[in-house]
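Worksheet for the structure shown next.
The values are calculated or read from the model by the stated rules, or taken from the named source; none is laboratory data. Model, not experiment: these values are computed from the prediction. Positions of Cβ are backbone-derived with ideal geometry, glycine not excepted, and every protein chain shown enters the neighbour counts.
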Amino acid sequence: MDPGRSAATRPGPAALARGAFRTARSGVGAAGARLRAAAGRPTRFAGAWPTREAALASLPEAARGGYDTEGVAEVSLAAMSRVAEWDYPVIFWLERLMRPGARLLDAGGHLGTKYIAFSRLLPLDEIEWTVTDVPAILAAARAAQAAGDLPGALRFVDGPEDAAGADILLASGLLQYLDVPLADYVSRMPAPPRHILLNKVATRDGPEVVTLERIGPARVPYRIRCRAAFEAEVAGMGYTVRDSWDIRALSHVIPTHPWLGQSQSRGYLLERD
């Protein structure tokens with residue numbers, strides 16, 4: 001049995017036929033993934049499991065650090081510090097939600113890359129921008145800030161419980177790596193924020209699937225959430241979806257499991273009722 005294919009993700013005959021047709025039409029599939037691996041070019045995504053725990057269990061114990069791995073912080077740092085096309089809906093809403101003195105928690109904010117990117121377009125000196133991330137990323141961020149390589153206005157904290165009084169929670173590219181439900185993460189904040197801006201949320205029309213993404217030296221669990229279940233979770237938290245948008249450029253097919261179809265990357269503005 002393919003170790004990356006659980007009973008929950010094995011396709012039936014009809015799904016296999018559809019997958020074969022998609023593979024023949026697009027030229028992307030498990031065979032292509034194996035050829036790239038044999039040529040020393042491993043795929044970005046590989047494997048499919050029903051849970052994050054199952055995905056991690058497929059790795060050697062020493063390789064289960066995920067995003068909290070030394071060396072990950074530097075991967076794509078320059079690109080992440082620039083405005084990308086999918087950032088503009090977030091910028092649009094931040095401009096309308098910000099007020100002088102507002103407090104924003106940038107969850108999974110890396111080295112403050114969104115602050116650096118957005119400061120060219122928004123008056124971020126008028127608000128308090130706080131970043132939290134995993135310990136390895138925070139250690140790199142604090143070292144860079146001490147060396148004068150990051151803006152002094154950025155504030156780095158160990159977790160959401162240290163972000164008192166946050167008016168806005170920004171999570172851009174966090175949810176596919178988050179190891180707990182969004183509701184649990186928000187519950188760790190001293191008080192729920194009025195607004196939540198989510199971007200690059202990987203979703204699909206079907207059960208959640210977890211694949212492994214190669215990021216520099218790490219293999220990181222990447223969650224593709226069931227869209228209906230996720231939006232029900234949001235409603236259960238007491239938030240209303242005020243806006244949402246598709247990010248077609250960030251949709252993915254898992255090369256080793258093309259029959260699972262293409263993910264749908266989405267963004268959301270949530271407002272607390």
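Against the test of being at pLDDT below 95, more than 21 Å from ARG227 (Cβ to Cβ) and not polar (S, T, N, Q), the options ALA153, ALA144 yield a single qualifying residue, ALA144.
Checking the stated criteria, ALA235 turns out to be free of Cβ contacts under 8 Å to residues at least 24 places away in the same chain and farther than 30 Å from PRO60 by Cβ. The one condition from (1) β-branched (Val, Ile, Thr); (2) surrounded by 15 or more Cβ atoms within 10 Å (Cβ to Cβ); (3) within 20 Å of THR132 (Cβ to Cβ) that VAL180 does not meet is (2).
This table checks each residue for (1) loosely packed, with under 13 Cβ neighbours inside 10 Å; (2) touching a Leu at 6+ places or on another chain (Cβ under 7 Å).
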| residue | (1), (2) |
| --- | --- |
| VAL201 | no, yes |
| GLU208 | no, no |
| ALA218 | no, no |
| ALA228 | yes, no |
| TYR239 | no, yes |
| ASP243 | no, yes |
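Filtering ASP125, ASP106 for residues that are charged (D, E, K, R) and buried (at least 19 other Cβ atoms within 10 Å of the Cβ) leaves a single hit, ASP106. Just one of the numbered conditions (1) assigned to a loop (DSSP other than H, G, I, E, B); (2) touching a Pro at 6+ places or on another chain (Cβ under 7 Å) is not true of GLY206: (2).
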